[in-house]
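**Q** The structure under discussion is supplied below as structure tokens; questions concerning it will follow.
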Amino acid sequence: MNEQIITVQSISKSFGENTSPLQVLEDLSLNLNKGESLGLVGASGSGKSTLLHIICGLEQPDAGKIVIKNVNITDLNADERSLFRSKEVGFVYQFHHLLPDLTAIENIALPAMLAGIKKEEAFEISASLLDQVNLNHKEKNRPNELSGGERQRVAIARAMSNNPSCLIMDEPTGNLDTKNVENFMDLLLEMVSSREIALIIATHDNNVSSRLDRLLSLE
Ligand code: ADP
Ligand code: MG
């Protein structure tokens, strides 16, 4: 019973309007089913981040379309796209991007509240997510009181708090040592498979890519 969550259809993207624009993506297509994981690999500058931004609607392609859960997000306007993203997509960056003045649990609750979940329920969801990433004892800590590995675990929990159907990660383990990468992947893959989330990770790290279902190499 495969259910397609993400469809990328013939995407092209170039930057610069002058006589020699830089063609970053050309006629790229891919599909991802519920519960499936895909690694995006390729040298720095090959277009991994650009593709991730296009998939989650942060950037528009020059040609082609993105369909997520049967919604053609390329045809939505910017407000509709950000509303859609707040409900269906979780995003994790290389640097955690946690808000420094909020505690761990407040950071996690924020996307849930932005997706329209009431405060009390958002905090219940967040407490359960903190527990799943083994950080319930750090609920009141702010990001600068957490280690790098702990911050990225909070970032996973935050990306899940709006109960997304797809999770997009841009080099999420770039600042972690091998032991923390293993720990991060264990937690991530367990959560992704139990929730049947479609996962895309751009990564240089063999300890990450070797654990994903499929790899796509950009040139
Ligand atoms: P990667 O994530 O694989 O390192 P990127 O997608 O960040 O690659 O970048 C691909 C190429 O597109 C790079 O040459 C980069 O300089 C260029 N690029 C990315 N974003 C922009 C932008 N907003 N304007 C101009 N060039 C860009
Ligand atoms: Mg990048």
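**Q** For the chain, what is the percent of antiparallel DSSP beta bridges, rounded to the nearest 5?
**A** On the way: 15 of 32 bridges.
Around 45 percent of the beta bridges assigned by DSSP in the chain are antiparallel ones.
**Q** Something else now. If 184, 84, 123 are ordered by their accessible area, calculated over protein heavy atoms with a 1.4 Å probe, which sequence runs from highest to lowest?
**A** Details: 184 0, 84 35, 123 60 Å².
Result, largest first: 123, 84, 184.
**Q** Which residues' amide hydrogens lie under 5 Å from the amide hydrogen of residue 216, considering only partners 5 or more residues apart or on another chain, with H built in the peptide plane?
**A** 39, 40, 41
**Q** Sticking with this structure for a sec: Hey, quick one: spin label on residue 214, modelled 7 Å out along Cα-Cβ, who in region 6-30 has an amide N within reach, i.e. under 17 Å?
**A** In region 6-30, the label zone of residue 214 (backbone N under 17 Å from the point 7 Å along Cα→Cβ) covers 6-11, 27-30.
**Q** What nm value, rounded to one decimal, do you get for the distance between residue 29 and residue 179 when each label is placed 7 Å out toward the C-beta?
**A** 4.7
**Q** Give, in nm to one decimal, the length gained when the segment between residue 101 and residue 145 is fully stretched (0.36 nm per residue of separation minus the Cα-Cα distance).
**A** Details: separation 44, 0.36 × 44 = 15.84 nm, distance 1.12 nm.
Contour length minus Cα-Cα distance gives 14.7 nm.
**Q** A follow-up question, please. Pairs of lysines 8 or more apart, or on different chains, with alpha carbons under 27 Å: count those in the chain, would you?
**A** 28
**Q** Here's another thing I want to ask about it. Rounded to the nearest 500, what is the chain's calculated 222 nm mean residue ellipticity when only DSSP H runs of at least 4 contribute -39500 (n - 2.57) each, over all residues?
**A** Mean residue ellipticity, 222 nm, calculated: -11000 deg cm²/dmol.
**Q** Ignoring ligands, DNA and RNA, what percent of the 1.4 Å accessible area of the chain is carbon and sulfur?
**A** On the way: 4910 of 10780 Å².
Its accessible area is 46 percent carbon and sulfur atoms.
**Q** Follow-up question, since we're still on this one. Taking the Cα centre of the chain as origin, sum charge times position over the Cβ atoms of Lys and Arg (+1) and Asp and Glu (-1), and report the length of that vector in debye to the nearest 20.
**A** Working: 20 positive and 30 negative charges, 48 e Å.
Taking the Cα centre of the chain as origin, the dipole is about 240 debye.
**Q** Once amide H atoms are built 1.01 Å from N in the peptide plane, which residues 5 or more positions from residue 90, or in another chain, come under 5 Å H to H?
**A** Excluding prolines and chain starts, which carry no amide H, the hits are 166, 167, 168.
The values are calculated or read from the model by the stated rules, or taken from the named source; none is laboratory data. This is a predicted model, so every value here is computed, not measured. Using ideal geometry, Cβ is built from the backbone for each residue, glycine included, and neighbour counts are taken over all protein chains shown. Please note that ligands, DNA and RNA were not included when accessible areas were found on the heavy atoms of the full protein model with its side chains. Shrake-Rupley method; radii C 1.70, N 1.55, O 1.52, S 1.80 Å.
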